[in-house]
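Undergrad: Supplied in structure tokens, the structure appears directly below.
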Amino acid sequence: MVRGRISRLSVRDVRFPTSLGGHGSDAMHTDPDYSAAYVVLETDAEDGLKGYGITFTLGKGTEVVVCAVNALAHHVLYKDLRDIVGDFRGFYRQLTSDGQLRWIGPEKGVVHLATAAVLNAVWDLWAKQEGKPLWKLLVDVDPRTLLSCIDFRYITDVLTEEEAYEEHMLTHGYPAYTTSCAWLGYSDDTLKQLCAKALRDGWTRFKVKVGADLQDDIRRCRLIRNMIGPEKTLMMDANQRWDVPEAIEWMSKLAEFKPLWIEEPTSPDDILGHATISKALVPLGIGVATGEQCHNRVIFKQLLQVKALQFLQIDSCRLGSVNENLSVLLMAKKFEIPVCPHAGGVGLCELVQHLIIFDFISVSASLKNRMCEYVDHLHEHFRYPVIIKKASYMPPKDAGYSTEMKEESVKKHQYPDGEVWKKLLAGQED
Ligand SMILES: C[C@H](O)[C@@H](O)[C@@H](O)[C@H](O)C(=O)O
Ligand SMILES: [Mg+2]
């Protein structure tokens, strides 16, 4: 039973200096400090349970998202959790349709990232109060209740409440792929070492960053393909670096390395551009994947409608939390497009595993062409880190959305007063 009134919302700016090691780097984000706007919700219930929510950002972007969370706080404060959960669609719409904040969205950008952080905390709290991991809450909850969490506005032409319901059984961990061997800022030696270790650990699916320099890409892709052999799966990720014709040309040069997909070949807003690229790459046997910077369910709808992607990458922190991701999972099911979530960021693996496990049990019931991204960074800062076995995500057992960070880590990495940043910033002054 859900209980309590939200009595406090706090938000902190937490940054990890990952750019120092080139972790997370790609063709467009060359100095990423993996960061989170970290929201904590408290209630007046006697159980003392708190809801933790994050959204993923990079360094300085965090302070802007923190401001947006504070601007949204009045929608959450002093609300009864029963009322929120009882009309989750209404609550979602209240946040995303705030008459003033909507102007700087709507349902996209900073204000939507902030919405995700707040709603992720609400879902964490709900799951904790039910004593279940989030995926189990989603699987167990009455389907009508689940559908009542989704805002179908703008997508009723492809999906309505009446047709969206299936249920299946969970049997295994969820297959994963790794991005951690081949960030763009890694040297060939690092790449080789990490790839050899990943192979020893049983990984069979690998993603490599491309897009900055063709000769570099050819060398790096050859290196990794030679190491993993012809049978294992290779994906490529350009992080929006190219124009449409450039993407097609560049990928024709990398086709010999047999990538399953090219991810974010161009601007995430260019729906028709993605469709053109998809069509051109069919003869090469390369699919297009995108979604980590897709604004909202409406853009996903259009990408699906014009067959602009062959792999759909949901993100737990960019869309409006579980609510909006549910609608995207159902649309992907309807269009028969496999969902392969994005998880390259701090905490993204922890959160999105719940969504994809739920997707398998209750929506897609298939593992064909499906896998969830895994990056091997910063899990030690979470109270309930992901568990990977045999290159698969094992379903989390702890109650909640796995969003809670260790207080010690938050304190150390809080920007700019945490110990880690004090030291780094003092170093810059010298
Ligand atoms: C800046 C980040 O690390 C991105 O490069 C990362 O999310 C990436 O696109 C991915 O697919 O994991
Ligand atoms: Mg990517």
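Undergrad: List the strands (runs of 3 or more DSSP E) that sit entirely inside the range 1-105 and contain at least 1 residues that are within 16 Å of ligand 2 (Cβ to nearest atom).
TA: By residue number, 34-43, 50-58.
Undergrad: If you don't mind, there's one more thing I want to ask. Go through (1) open to solvent by less than 20 Å² (accessible area, probe 1.4 Å); (2) in contact (Cβ under 8 Å) with a residue 40 or more places away in the chain one by one and return the number of the condition Ala255 breaks.
TA: Of (1) open to solvent by less than 20 Å² (accessible area, probe 1.4 Å); (2) in contact (Cβ under 8 Å) with a residue 40 or more places away in the chain, only one is false for Ala255: (2).
Undergrad: For Ala196, state whether it is aliphatic (A, V, I, L, M) and in a helix (DSSP H, G or I).
TA: Spelling it out, Ala196 is indeed aliphatic (A, V, I, L, M) and in a helix (DSSP H, G or I).
Undergrad: I want to confirm something. Restricting to the range 22-62 and keeping residues that are surrounded by fewer than 16 Cβ atoms within 10 Å (Cβ to Cβ) and among the acidic types (Asp, Glu), which single residue is nearest to ligand 1 (Cβ to nearest atom)?
TA: Asp31
Undergrad: Evaluate the following for Glu292: is it out of contact with any Pro (no Cβ under 9 Å at 6 or more places or on another chain) and closer than 30 Å to Tyr92 by Cβ?
TA: no
Undergrad: If you don't mind, there's one more thing I want to ask. Please identify the pairs in which a residue from the range 305-317 that is surrounded by 19 or more Cβ atoms within 10 Å (Cβ to Cβ) has its Cβ atom under 7 Å from the Cβ atom of a residue that is among the charged types (D, E, K, R), counting only partners at least 6 apart or on another chain.
TA: From the range 305-317, the pairs are Gln313/Glu292; Asp315/Glu292.
Undergrad: Could you figure out which of (1) in contact with an Asp or Glu (Cβ under 9 Å, 6 or more places away or on another chain); (2) open to solvent by 10 Å² or more (accessible area, probe 1.4 Å) isn't true of Leu101?
TA: Failing condition for Leu101: (1).
Undergrad: Here is a follow-up. I need the full set of residues from the range 206-226 which are out of contact with any helix residue (DSSP H, G or I) (no Cβ under 9 Å at 6 or more places or on another chain) and surrounded by 22 or more Cβ atoms within 10 Å (Cβ to Cβ), in order please.
TA: Listed by number, the list holds a single entry, Lys207.
Undergrad: Condition first: open to solvent by 20 Å² or more (accessible area, probe 1.4 Å) and either in contact with a Cys (Cβ under 9 Å, 6 or more places away or on another chain) or acidic (Asp, Glu) (or both). Now tell me which residues in the range 393-407 satisfy that.
TA: Asp398, Glu407
Undergrad: Quick check: is even one residue across the range 357-375 open to solvent by 10 Å² or more (accessible area, probe 1.4 Å), within 16 Å of ligand 1 (Cβ to nearest atom), modelled with pLDDT of 95 or more and farther than 20 Å from Phe300 by Cβ?
TA: Scanning the range 357-375, I find at least one residue that is open to solvent by 10 Å² or more (accessible area, probe 1.4 Å), within 16 Å of ligand 1 (Cβ to nearest atom), modelled with pLDDT of 95 or more and farther than 20 Å from Phe300 by Cβ, so the answer is yes.
Undergrad: Scanning the range 338-351 for residues that are among the hydrophobic types (A, V, I, L, M, F, W, C) and more than 13 Å from ligand 2 (Cβ to nearest atom), which turns out surrounded by the fewest Cβ atoms within 10 Å (Cβ to Cβ)?
TA: If we take residues in the range 338-351 being among the hydrophobic types (A, V, I, L, M, F, W, C) and more than 13 Å from ligand 2 (Cβ to nearest atom), then Val339 is surrounded by the fewest Cβ atoms within 10 Å (Cβ to Cβ).
Undergrad: All but one of (1) acidic (Asp, Glu); (2) away from ligand 1 (no atom under 15 Å from the Cβ); (3) within 22 Å of Thr18 (Cβ to Cβ) hold for Glu246; which doesn't?
TA: Unmet condition: (3).
Undergrad: Of Gly229, Gly185, Gly173, Gly202, which residue is under 24 Å from the mean Cα position of the chain (by Cα) and surrounded by fewer than 14 Cβ atoms within 10 Å (Cβ to Cβ)?
TA: Only one candidate passes the filter, namely Gly202.
Undergrad: Let me ask something else about it. Identify, from the list Val282, Val298, the residue that is touching a residue at least 40 places away in the same chain (Cβ under 8 Å), more than 14 Å from ligand 1 (Cβ to nearest atom) and either touching a Ser or Thr at 6+ places or on another chain (Cβ under 6 Å) or open to solvent by 30 Å² or more (accessible area, probe 1.4 Å) (or both).
TA: Of Val282, Val298, the one residue that is touching a residue at least 40 places away in the same chain (Cβ under 8 Å), more than 14 Å from ligand 1 (Cβ to nearest atom) and either touching a Ser or Thr at 6+ places or on another chain (Cβ under 6 Å) or open to solvent by 30 Å² or more (accessible area, probe 1.4 Å) (or both) is Val298.
The values are calculated or read from the model by the stated rules, or taken from the named source; none is laboratory data. Since the model is a prediction, treat every value here as computed from it, not as a measurement. With ideal geometry, Cβ positions are generated from the backbone for all residues, glycine too; neighbour counts draw on all protein chains shown. What goes into the accessible areas is simple: the full protein's heavy atoms, side chains included, and nothing from ligands, DNA or RNA. Shrake-Rupley method; radii C 1.70, N 1.55, O 1.52, S 1.80 Å.
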